[in-house]
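Note sheet for the following structure.
The values are calculated or read from the model by the stated rules, or taken from the named source; none is laboratory data. What you see is a predicted model, and the numbers here were worked out from it, not measured in a lab. So basically every Cβ, Gly included, is an ideal-geometry build from the backbone, and we count neighbours across all protein chains shown. Heavy atoms of the whole protein, side chains included, go into the accessibility calculation; ligands, DNA and RNA do not. Shrake-Rupley method; radii C 1.70, N 1.55, O 1.52, S 1.80 Å.
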Amino acid sequence: MKKSVVAALTGALVVGATATTFAAANPFSDVPAGHWAYNSVTKLASEGIIEGYGDGTFLGNRNITRYEMAQMIAKAMAKNPSGATKAELDKLAAEFRAELDSLGVRVAELEKHADKVQWTGKIEYTYGKFKNKTDDAESASSSGGVFRLEPKAEVNEHWTANARFDAGYDFQNDTTDDVTLKRVFAEGTYDKFQVRLGRFGFYPTGDGVAIDTVVSGGQLVFGSKWKFAVTGGRISGAQDENDGDWNEAGYLTTAFGDGQPLRADLLAPIHPSNVVAIDVNYEPGENGFFGGVGYFYAKNPDFGTLYLENGTSIVNDYYSKDGTDKANIWAVDLGYKFNDMATLKGSFAQNTKADIEKDGWKVLLQFGKYGDYAEQGDWGFWAGYSKFGNNVAIASDQGDDIRTGTKGWHVGAAYAPFKNVGLLARYADGKYLFTGDKYRKIFGRVEFFF
């Protein structure tokens, strides 16, 4: 792109309708007053957006680099334009994001001059098939998905307002759910401090063995490589973010183990849990060891009852003495990152207040680079073995793989055939800790990020 073209374009963006009437001293010896781009060039020079060269020339016929263009865009955005000008500069900033980053001009910092609210989200289509090898009556399949929107709005230079809205749909029954507010929180960032207030994602030490859900409360995180976190709040009874959806076997998933029969006479009221968590984690961000330790305290009257797959409710099997509505859970993570492609990690968690099904653990090998908003061609593979005791996995991430109250091995793979389009497949083979029944689980998903 020639500099004269860029100057005219940028001049039109910044100056707008007033460009044709602007007059100023000629800043460059090789831009005559009668030149068609004179007004735009002089205006941009007076605003400090372009500087020309050390010998006082503009060299309007010389091709410029993308870095020079990025520098002009950054300076123009810093002028805080408005209206159509801002919209055009936003498009240019998106096109030259990599060059702006290389120049040390973070687009995230410039976005304060762009739209106040940024929208991201996804559409996913999911299929699942579950087979109980002992009881065919429990075997079932499901297909559906989620439409998700996640707005993020700037409050000031430190704080943002965030939310998540989900709407589910069921292909088998041709039904849809109402849009539900899943998350809503304010987030503040001050150098090494981060504060969250509201209803936000909660994934503490333990790699999801005990808790992978959302919490309504507050969180304070301090540090960079070493991170110290304190979280307090409440986890509702059906806290999984698929709250209201049915799992593959037709049972309602809750924070205290899925597999609860869909019968009102067998379901006790599910109360929210009060939760306090303390975590210390080491995240070097490079190759090598990482890990952490954590402690979680939870209180809920529903801890006194364990719901089993056969619909039987056994009271007081949670604890060995006089009974308690508390959970004391210790968790530890340890892993090693070989390179940017391969990671091996393990996690263990135990509820010292429980008498049975009181511990959980998992070992996972991950290989590849697939992630959210994957680039075309990105892929990933993982394999592991997990155990989720009912009385430790109070709001765990068993989700698409091993179910709560079971143990077994699982594998999965993902591939991005196009940018921001992902294909995922999972397979699990496990058995129930209480009954010993064996099962298989197949899961597939297509997801579109935007």
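Of the listed requirements (1) closer than 24 Å to residue 302 by Cβ; (2) without any contact (Cβ under 8 Å) to a residue 40 or more places away in the chain; (3) surrounded by fewer than 22 Cβ atoms within 10 Å (Cβ to Cβ), residue 361 misses just one: (2). Among the conditions (1) among the polar types (S, T, N, Q); (2) closer than 29 Å to residue 145 by Cβ; (3) open to solvent by less than 20 Å² (accessible area, probe 1.4 Å); (4) modelled with pLDDT of 90 or more, residue 231 misses just one, which is (2).
Per-residue answers, yes or no, for (1) in contact with a helix residue (DSSP H, G or I) (Cβ under 8 Å, 6 or more places away or on another chain); (2) assigned to a helix (DSSP H, G or I); (3) open to solvent by 80 Å² or more (accessible area, probe 1.4 Å); (4) of a type outside the set (Phe, Trp, Tyr):
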| residue | (1), (2), (3), (4) |
| --- | --- |
| 121 | no, no, no, yes |
| 124 | no, no, no, yes |
| 127 | no, no, yes, no |
| 130 | yes, no, no, no |
| 142 | no, no, no, yes |
| 146 | no, no, no, yes |
| 150 | no, no, no, yes |
| 157 | yes, no, yes, yes |
| 160 | no, no, no, yes |
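Among 175, 134, 189, which is the only one that is free of Cβ contacts under 8 Å to residues at least 12 places away in the same chain, of a type in the set (Ser, Thr, Tyr) and open to solvent by 30 Å² or more (accessible area, probe 1.4 Å)?
On the way: 134 fails: free of Cβ contacts under 8 Å to residues at least 12 places away in the same chain; 189 fails: free of Cβ contacts under 8 Å to residues at least 12 places away in the same chain.
Checking each option against the conditions leaves just 175.
Take the residues in the stretch 425-442 that are hydrophobic (A, V, I, L, M, F, W, C) and either at positive phi or open to solvent by 10 Å² or more (accessible area, probe 1.4 Å) (or both); name whichever of them is farthest from the chain's Cα centre (by Cα). Ranking the qualifying residues of the stretch 425-442, first place goes to 434.
Does residue 195 qualify as being aliphatic (A, V, I, L, M), open to solvent by 60 Å² or more (accessible area, probe 1.4 Å) and modelled with pLDDT of 90 or more? Judged against the criteria, residue 195 is not a match.
In the stretch 399-424, the qualifying residues are those that are open to solvent by 50 Å² or more (accessible area, probe 1.4 Å) and in a strand (DSSP E or B), and the one that is nearest to residue 123 (Cα to Cα) is 423.
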